[in-house]
Amino acid sequence: RETRKRVEAMLDGHAVTMFQQPIHALASGQAVGVECLARFPDLNKRGPQAWFDDAEKVGLGMELEMTAVRGALETVGAVPDGIYAAINASPDTIMSGTLREVLEEAGAKNLVIEITEHQQVEDFAALAREIEALKAFARIAIDDVGTGYSGLRHLIELQPDILKMDMLLTRDIDSDPARRAITAAMVQFSHDIGAKLVAEGIETEYERAVMQDLGVDYGQGYLFARPLPVVAAQQHLLGMK
Ligand code: G
Ligand code: G
Ligand code: MN
Ligand code: NA
């Protein structure tokens with residue numbers, strides 16, 4: 001009950017702020033996109049993941065996700081032409097049809113939906129159908145490939161435009177042949193299906209260089225920029241272009 005009150009108070013208080021983290025092409029260094037990420041009050045004590053987990057626990061997960069989506073859509077007008085804006089959504093939210101309604105109404109250009117999966121999907125065929133319908137409004141990215149439930153079926157059946165590798169692969173990429181081998185296989189797979197591959201959590205120039213050498217298309221991480229308030233993100237994007 002305490003948790004429910006806390007989440008409700010946060011939602012009622014319109015306390016969700018959307019930040020943007022730039023995504024860069026590794027070869028040219030140019031910014032190609034931003035990921036919209038939710039930020040909450042008292043961030044030092046409770047990170048975004050804790051808020052999303054709490055909301056999910058008390059049945060407000062979809063409401064919080066859609067609050068973040070609406071907030072993100074309010075910020076995408078500021079994104080320069082030619083740069084995509086990525087929004088996170090779970091299968092539940094996608095299958096509810098609400099996301100499609102909101103995107104249809106917003107009519108925003110150059111959107112990407114990052115499918116973030118933390119639970120097993122009961123009705124995969126229904127998810128796949130809704131994803132097909134969403135492609136009229138956005139490109140599709142699979143988030144955190146290789147972790148949780150973002151498994152093979154997603155890669156095979158959803159025909160994604162973008163794949164995002166979990167930062168587990170980026171960390172220690174210099175010293176670990178297994179991480180390099182999986183990344184190389186991901187590069188091959190992505191390109192065979194006509195998708196772009198993103199390495200997440202790039203913090204050092206060395207990690208960036210290894211990922212580029214392996215053929216990874218795009219990178220996201222503190223080396224390029226942290227998740228930034230929208231005005232700072234736009235300054236970053238315009239400065240790099
Ligand atoms: O932004 P990062 O700092 O800490 O976010 C942690 C996690 O919180 C992300 O990996 C993601 O799962 C979740 N998250 C952050 N922002 C959003 C959002 O806008 N929508 C959804 N659905 N999840 C988000
Ligand atoms: O949606 P997703 O789970 O991919 O959210 C991205 C997460 O990764 C966010 O929590 C964001 O703050 C985090 N992140 C982005 N870049 C870096 C980085 O370079 N290092 C680390 N440790 N985390 C990062
Ligand atoms: Mn994401
Ligand atoms: Na991710």
Can you tell me which residue in the range 163-172 is farthest from ligand 2 (Cβ to nearest atom), limited to those that are within 11 Å of Tyr206 (Cα to Cα) and surrounded by fewer than 24 Cβ atoms within 10 Å (Cβ to Cβ)?
Asp172
Would you confirm, using the coordinates I've provided, whether His154 is part of a helix (DSSP H, G or I), of a type outside the set (A, V, I, L, M, F, W, C) and within 16 Å of ligand 1 (Cβ to nearest atom)?
yes
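Where residues in the range 147-164 are within 11 Å of ligand 4 (Cβ to nearest atom) and either of a type in the set (S, T, N, Q) or without any contact (Cβ under 8 Å) to a residue 40 or more places away in the chain (or both), which of them is nearest to Pro91 (Cα to Cα)? Walk me through how you get there before you give the answer.
So in the range 147-164, the residues within 11 Å of ligand 4 (Cβ to nearest atom) come out as 147-148, 150, 163-164.
Keeping just the survivors that are either of a type in the set (S, T, N, Q) or without any contact (Cβ under 8 Å) to a residue 40 or more places away in the chain (or both) gives 147-148, 150, 163.
Details: Thr147: 15, Gly148: 13, Ser150: 11, Leu163: 16 Å.
By that ranking, first place goes to Ser150.
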Residue satisfying all of: in the range 165-198; in a loop (DSSP other than H, G, I, E, B), modelled with pLDDT of 95 or more and hydrophobic (A, V, I, L, M, F, W, C); nearest to ligand 4 (Cβ to nearest atom) among these
Ala195
Residues to consider are Val69, Val16; find the one that is among the β-branched types (Val, Ile, Thr) and either closer than 14 Å to Val230 by Cβ or surrounded by fewer than 21 Cβ atoms within 10 Å (Cβ to Cβ) (or both).
Val16
Regarding the range 27-50, can at least one residue be identified that is away from ligand 2 (no atom under 16 Å from the Cβ), surrounded by fewer than 13 Cβ atoms within 10 Å (Cβ to Cβ), under 30 Å from Ala209 (Cα atoms) and of a type outside the set (S, T, N, Q)?
yes
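Rundown of residues vs (1) away from ligand 4 (no atom under 16 Å from the Cβ); (2) at pLDDT below 95; (3) basic (Lys, Arg); (4) in contact with a helix residue (DSSP H, G or I) (Cβ under 7 Å, 6 or more places away or on another chain), yes/no style:
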{"position": "Ala9", "(1), (2), (3), (4)": "yes, yes, no, no"}
{"position": "Gly33", "(1), (2), (3), (4)": "no, no, no, no"}
{"position": "Leu43", "(1), (2), (3), (4)": "yes, yes, no, no"}
{"position": "Val58", "(1), (2), (3), (4)": "yes, no, no, yes"}
{"position": "Glu65", "(1), (2), (3), (4)": "no, no, no, yes"}
{"position": "Ala68", "(1), (2), (3), (4)": "no, no, no, no"}
{"position": "Gly71", "(1), (2), (3), (4)": "yes, no, no, no"}
Can you find a residue that is closer than 20 Å to Val231 by Cα, in contact with a helix residue (DSSP H, G or I) (Cβ under 7 Å, 6 or more places away or on another chain), exposed (fewer than 14 other Cβ atoms within 10 Å of the Cβ) and not hydroxyl-bearing (Ser, Thr, Tyr) anywhere in the range 79-91?
yes
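The values are calculated or read from the model by the stated rules, or taken from the named source; none is laboratory data. Nothing here was measured: the structure is a model prediction, and the numbers come from that model. A quick note on method: Cβ atoms are made from the backbone with ideal geometry, for glycine too, and the neighbour counts reach across all protein chains shown.
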